[in-house]
1. What is the sum of charges, Lys and Arg at +1 and Asp and Glu at -1, for the other residues whose Cβ falls under 10 Å from the Cβ of Pro77?
2. Which trypsin sites (Lys or Arg not before Pro) in region 9-73 pass both tests, a DSSP loop state and at most 14 other beta-carbon atoms within 10 Å?
3. Suppose we keep just the alpha-carbon trace of region 2-62; what are its Rg and Dmax in angstrom?
4. Could you list Asp32, Asp46 in order of exposure, starting from the residue whose Cβ has the fewest other Cβ atoms within 10 Å?
5. Can you compute the modelled spin-label distance between Ala24 and Ser66, with each label point 7 Å from Cα toward Cβ, in nm?
Amino acid sequence: MNILVIGLNLLRKEIQESRIGDGAEILEIIQDLQESAEVTLELVSDILTQDKIEEGILKLEPSPVSVWSLVTSSVKPFSIQVSQSVS
C-alpha cells in the first residue's frame with residue numbers, strides 16, 4: 001500500500017512539472033486516489049492496532065476529533081462516483 005501512495009505522489013509531481021495540457025482533472029483524480037490509498041493504509045494500521053488493544057499491549061486514551069473532517073473525508077471518494085453517474 002505504501003508503494004501505491006508513493007507512486008501516486010510521483011505521478012502527480014510528474015504531471016505538475018510537465019504541464020501537459022490542463023491536467024487539472026487528472027491531478028484531482030490522482031489526489032483522490034492518493035487519499036483513498038492513505039485511508040486504506042490507516043484502516044489496515046487500525047486493524048493491527050485493534051489486535052494489540054485486545055492483547056493488552058496497547059491502551060486507548062480519549063482525544064478530541066473533528067467529526068466534520070471525518071465525514072468529509074469519508075464522503076469524498078463517493079462524490080466522484082455520483083458525479084460520473086449524473087453526467
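1. -1
2. Those that pass, being in a loop and sparsely packed, are Arg19, Lys59.
3. 17.1, 54
4. Details: Asp32 15, Asp46 10.
Fewest to most other Cβ atoms nearby, the residues stand as Asp46, Asp32.
5. Going by the 7 Å Cα→Cβ label model, 2.4 nm.
Any read-out appearing in this document is the output of simple, stated calculations on the displayed coordinates, not a laboratory observation. Computed from a prediction, not measured in an experiment: that's the story for all the values here. Neighbour counts are summed over all protein chains in view; Cβ atoms, including those assigned to glycine, are modelled from backbone coordinates with ideal geometry.
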